[in-house]
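Working notes, structure below.
The values are calculated or read from the model by the stated rules, or taken from the named source; none is laboratory data. Everything quoted here is computed from the prediction, not taken from an experiment. All Cβ positions, even for glycine, are placed from backbone atoms using ideal geometry, and neighbour counts span all protein chains on display.
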């Protein structure tokens with residue numbers, strides 16, 4: 001009996017020892033799993049943070065693009081309005097007014113649309129015109145005077161060069177179809193392309209250069 005008790009006690013001690021050891025192993029295993037899970041969560045968190053940063057960057061780019069597009073749309077509208085108003089002045093519908101009065105009126109009409117240098121270039125004063133004509137042969141003077149006629153703008157199209165938007169000089173192409181009724185010559189239908197170089201100064205857009213291309217006998221793009 002005593003031997004049996006000793007044996008049972010030994011078995012109990014052995015069982016307890018095994019249980020404690022198993023518990024220690026289990027505790028160690030659980031801790032290892034928890035640490036691994038935490039490590040995995042940290043990795044996932046960092047990945048999510050990186051994705052969030054990338055999404056924020058993309059959102060910022062989208063907002064900047066939207067702002068840029070809106071600004072460009074506004075600029076296109078400003079340039080378009082300016083160019084259309086300029087066309088109506090630059091190609092006046094009735095050019096049959098007296099020569100003495102034409103250039104001062106023309107000059108005053110152009111002033112809000114072009115730079116001073118260009119204004120001086122394309123709109124000579126009455127005195128300059130009178131001086132030039134006074135030295136011209138009579139036939140030339142008559143031809144000059146007869147040039148003025150009735151002009152009707154039939155149609156026009158306008159394009160802003162997007163590659164130049166955001167630069168110091170924005171290019172605007174304007175194609176104009178006009179009918180010209182002359183008193184002493186055959187009537188004409190003219191197709192003209194104006195290449196306008198527009199610059200900004202003090203918040204105002206002005207035309208600093210004009211190139212005229214006669215497209216009458218050419219195919220308009």
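Evaluated against (1) at pLDDT 90 or above; (2) farther than 24 Å from residue 209 by Cβ, residue 172 falls short on exactly one condition, (2). Residue count for segment 191-207 satisfying the condition of being closer than 25 Å to residue 151 by Cα and surrounded by fewer than 16 Cβ atoms within 10 Å (Cβ to Cβ): 1. Among the residues in segment 184-196, are any out of contact with any strand residue (DSSP E or B) (no Cβ under 7 Å at 6 or more places or on another chain), closer than 27 Å to residue 73 by Cα and at pLDDT below 85? No, every residue in segment 184-196 fails to be out of contact with any strand residue (DSSP E or B) (no Cβ under 7 Å at 6 or more places or on another chain), closer than 27 Å to residue 73 by Cα and at pLDDT below 85.
Taking the stated definitions as given, is residue 160 at pLDDT 80 or above and out of contact with any strand residue (DSSP E or B) (no Cβ under 7 Å at 6 or more places or on another chain)? In short, no.
Screening residue 85 against (1) at pLDDT 65 or above; (2) under 42 Å from the mean Cα position of the chain (by Cα); (3) exposed (fewer than 14 other Cβ atoms within 10 Å of the Cβ); (4) over 20 Å from residue 210 (Cα atoms) leaves a single unmet condition, (4).
When segment 113-131 is filtered for residues that are in contact (Cβ under 8 Å) with a residue 12 or more places away in the chain and within 18 Å of residue 209 (Cα to Cα), the ones remaining, listed by number, are 113, 114, 115, 117, 118, 119, 122, 123, 124. Per this entry, residue 29 is not counted among residues that are surrounded by 10 or more Cβ atoms within 10 Å (Cβ to Cβ), at pLDDT below 55 and more than 50 Å from the chain's Cα centre (by Cα). The residues on offer are 7, 79, 38, 14, and the sole one that is modelled with pLDDT of 75 or more, assigned to a helix (DSSP H, G or I) and either surrounded by fewer than 10 Cβ atoms within 10 Å (Cβ to Cβ) or over 26 Å from the mean Cα position of the chain (by Cα) (or both) is 38.
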